[in-house]
Structure formats: C-alpha cells, structure tokens
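So the structure is just underneath, and the comments pick up after that.
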C-alpha cells in the first residue's frame with residue numbers, strides 16, 4: 001500500500017504518494033487548483049482535466065457549464081474539443097439531451113444550449129489516501145425559455161485514478177432529480193435518438209472503434225455493441241480512449257452512436273421518446289468511465305470493465 005501525505009492550502013490541495021516499485025520509489029503528486037472558471041486537476045505537474053464550472057459561450061451563443069474540457073492524455077496533450085466548427089454546441093465530455101419537457105410544454109433544448117442554464121454550486125474536491133482524486137458538484141438546471149423555473153438538480157461525482165504509467169481512468173456518477181412535477185427527458189427526435197453521456201474526442205484520419213469482439217463500424221443510426229468501445233488512433237493496441245457504461249441499467253437504451261469524424265460518441269438513451277422523471281422516485285442515475293491510454297490489450301480493458309462494474 002502506498003504511503004500518502006496530504007498538504008492542504010486553499011485553493012490548492014496536494015497529495016504526495018510514495019508508490020513502491022521494484023527497486024524504485026516514485027512520488028505521485030495530485031493537485032486541484034481553483035481557477036476563475038473552474039477546477040484543474042494536475043498530476044506530477046501535468047494537467048489531466050479541467051471541470052468547467054462557470055458559464056462559457058461563443059460570442060454569447062451556446063452558453064454552457066458543467067462539463068470537462070480540456071481532457072488531457074498521459075503525455076499532457078489535449079484530446080477533447082470545445083465549440084468545434086461543425087457542431088459548436090458540442091463540449092468536451094458532456095451529458096445532456098435535446099428534449100426537456102414540463103408536462104406537454106417544451107421547456108428547453110439542453111443539447112444545443114437553448115432555454116437552459118447550468119448553475120454549478122457547492123464544488124467539493126478531495127484527494128484520497130489511495131492516490132485518487134474526487135470532484136463533486138451540485139448543479140441546477142434552470143429554465144430560461146418557455147419555463148423559467150429550476151427544473152433539475154444534478155449531483156455529479158468525477159473520480160480520477162491512475163491505472164499504470166500509460167493509463168488513467170476518469171469515472172462519472174451522475175444523478176438527476178426533478179425539482180417540479182412533469183419533467184420528461186428525451187434524445188433527438190429523429191431515428192438516431194442520441195442523448196446522454198457524450199465525449200467529443202479529437203479524431204484522426206485513422207480513428208477506429210473496437211469492442212470485446214473486434215472492430216465496430218460506425219453507422220448513421222445507433223448500433224449494438226458491447227458495454228465498452230475503444231476509440232483508438234488505428235489498430236486495437238494504439239493510443240486512445242475507452243468509453244464504458246452500464247447499458248443494462250439505462251432506461252430505454254438505444255445503443256452506440258459512433259462517428260469517425262466531426263462528431264461525438266454517445267451511449268444513447270432514452271431515444272426519441274421521452275421518459276418521465278418522478279419527484280417521488282429515486283433520481284435518474286447513470287455511470288460512465290473513460291480509460292485514457294497509450295495502448296491497452298483487449299484483456300486489460302475487460303479487466304478494467306469488471307472493476308468498473310464492481311465499484
């Protein structure tokens with residue numbers, strides 16, 4: 001077990017972990033830094049991710065908050081996109097839907113940032129004794145269009161943990177609680193039905209997709225594949241990002257919306273038919289995880305998925 005020493009001084013939290021390795025003692029330093037627009041996590045001085053807590057827009061359009069960008073790989077290179085020219089409403093690692101209804105009234109289109117604001121409150125950061133880092137925030141989805149009310153309360157928990165010298169994982173636990181009666185959420189209103197957890201990852205000319213059984217070919221509509229997809233720069237062992245989820249726990253899961261250029265990747269739910277969120281029931285909860293890596297074998301991904309499901 002590593003020996004860890006926490007050094008806390010606002011707005012920076014530092015953890016020094018001495019990790020045992022054959023013939024080598026490594027010092028791991030995790031730091032949360034509070035910036036004007038959000039929180040930056042670094043590891044050994046290298047950035048890992050930035051949580052956008054303040055509102056951000058493109059010349060006043062597509063105002064958004066509550067997402068991850070930039071996300072960096074283990075070499076410190078940015079691997080997500082924000083305000084891309086082809087879809088300026090896309091933003092790093094985000095989770096939202098086209099349809100947000102109150103009873104039979106269309107309240108907002110959060111996917112394209114219309115009629116909605118995200119008010120990020122009560123951000124808490126923690127460096128854990130096991131060498132991981134947690135960020136948790138409360139977020140109010142506030143209607144600004146046809147329905148000017150607080151619509152949803154979100155609790156998002158993001159956990160960073162190093163897996164190896166060339167891999168880390170970023171886990172997301174998201175809960176949505178309706179604040180008024182009659183809230184319904186739905187994906188795009190076309191047959192694609194996209195919506196939910198959506199990474200906008202930088203793609204290359206050689207971008208390829210793999211699940212446990214092998215290559216997966218993107219199509220226009222959602223496709224059936226395994227519970228994880230490895231998005232790589234070429235062959236199965238090339239650097240990339242693995243997107244994991246729990247499809248068996250998602251209401252009206254549609255499958256994977258995959259794109260090899262100019263778009264995001266999405267575990268689509270609940271499709272074009274909205275689902276109702278009940279104030280008296282448990283919050284809508286879904287979990288996802290990213291493995292950011294410089295090359296992983298199929299078995300290594302399977303092992304990590306098993307750990308993810310058992311957490």
Just the Kirkwood number for the stretch 3-310, please: inverse of mean 1/r across all distinct Cα pairs, in Å, one decimal. 19.9
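Would the stretch 149-246 count as rounded, prolate or oblate if I go by the C-alpha gyration tensor, calling it rounded below 1.5 in a/c and otherwise prolate when a/b exceeds b/c, oblate otherwise? Before the final figure, lay out the partial values.
Working: a/c = 2.79, a/b = 1.49, b/c = 1.88.
Oblate, since a/c reaches 1.5 and b/c is not below a/b.
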If I fit a long axis through the Cα atoms of helix 298-310 and take the longest principal axis of the Cα atoms of the chain, what angle between them do I get, 0 to 90°, rounded to 10? 70
Listed residues 42, 80, 204; largest mean-square fluctuation, Gaussian network over the chain with Cα springs below 10 Å, found at 204
Explain nothing, just the number: relative contact order of the chain, from Cα pairs under 8 Å at least 6 residues apart, as a whole percent. 14
Helix-only estimate, please: 222 nm mean residue ellipticity of the chain, summing -39500 (n - 2.57) across DSSP H runs of length 4 or more and dividing by its residues, to the nearest 500. -1500 deg cm²/dmol
Counting other beta carbons within 10 Å of each Cβ, put 300, 205, 77 in order, fewest first. 205, 77, 300
Under a GNM of the chain (C-alpha, springs under 10 Å), which listed residue has the highest mean-square fluctuation: 128, 206, 235? 206
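A short reminder: the numbers here are calculations on the coordinates, not readings from a lab. Note that the coordinates shown come from a computational prediction; the quantities given were computed from them, not determined experimentally. Counting neighbours? That spans all protein chains shown, and the Cβs are built from the backbone with ideal geometry, glycine included.
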